[in-house]
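Trainee: Below is a structure I'd like to ask you about.
Derivation of every value follows stated rules applied to the coordinates shown; laboratory data play no part. Remember, it's a predicted structure, so these values are computed and weren't measured experimentally. Virtual Cβ from ideal backbone geometry, glycine too; neighbours counted across all protein chains shown.
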Amino acid sequence: MTEKFAVIGHPVAHSQSPALHQAFAAQHSIELDYSLIDCAPAQFDSTVMQFFATGGRGLNVTLPHKAAAFLLAHQVGMRARLANAANTLYYSGEVLLGDNTDGTGLVRDLVGNLQLDLRDSHIVIIGAGGAARGIAAPLLGLWPARLTIANRTVERAVALAENLSGLGNVHARALDHLQDERCDVVINATAASLSGQIPVLNLDVSGAIAYDIVYATRPTLFMDWADQHGAAASHDGWGMLVEQAAESFYLWHQVWPDTRPMIDDRKAYAR
């Protein structure tokens, strides 16, 4: 029987999720129909419930609906709770479950695909919104010496740092008060690259790894900035996208897909 899945967002036409999940399903001879649902925020709850009422099995949730998905779920996992956001919805019996696979996807890309050892490193996250909340706790699980959260509105960075204080050594900074801090890894968790601008960063990235969670067909503005300021390497978020999708696939089907084909031959799956 063909099972029904989808990604819901606004906009959503750019999403690579259908190609990834169809490829994962083919590896395990699973028949599925994976569609795109463009839904304005005001219709999110009713659209989700209609999807499941008509036989839907699982939803990936992208911008701007992750906070709404967290609130709609009957139960949420610890990853979603720490992020206050859910990017995966599915039913278990009569219970709508919410989870967040973003941080797991990032960690798997950094450690598994890029072969980085972040123990005792200094990681800087640019941004303190939903994306930053989704990745911060999993990054602390890699035992960095320090995690700095830098945001234009420092109060949001402080709030996130306080929420995570029991998980590791976390600090908050205003973007314009980084004071040329030295870091080993800097992660852009904002959507600034998509809008054609990046914030002014007083950050020493010489020899560091730069990572933009946005995926693109060419280097993002943030990656260009990092390269121009001496970063050892810069990466976009394609690997994170693939690995978080694989985690969602596992939650729905209880089998692990092989992500290596997507990582090795990106052009075959990315538009």
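Trainee: I want the local charge near L32. Using Cβ-Cβ distances under 10 Å, sum +1 for each Lys or Arg and -1 for each Asp or Glu among the other residues.
Mentor: Its environment carries a net charge of -1.
Trainee: Now for a separate question. Report, for the chain, the % of DSSP beta bridges that are antiparallel, rounded to 5.
Mentor: On the way: 8 of 45 bridges.
That works out to approximately 20 percent antiparallel.
Trainee: Specify which residue in the list L178, I198, F5 is farthest towards the positive end of the charge dipole of the chain, using unit charges on the beta carbon of Lys, Arg (+1) and Asp, Glu (-1), about the Cα centre.
Mentor: Result: F5.
Trainee: Over the C-alpha atoms of the chain, what are the Rg and the largest Cα-to-Cα span, Dmax, in Å?
Mentor: For the chain, the Cα-based Rg and Dmax read 18.2, 58 Å.
Trainee: For the range 1-41 and the range 115-138, what is the separation of their C-alpha centers, rounded to whole Å?
Mentor: Here the two parts' Cα centres lie 27 Å apart.
Trainee: Let me ask something additional. Need one word for the range 134-269: rounded, prolate or oblate. Basis is the Cα gyration tensor (sqrt eigenvalues a ≥ b ≥ c); a/c below 1.5 gives rounded, then a/b vs b/c decides.
Mentor: oblate
Trainee: Hey, can you grab everything whose amide H is under 5 Å from the amide H of E181? Only 5+ residues off in sequence or another chain; H modelled, so Pro and N-termini drop out.
Mentor: D204
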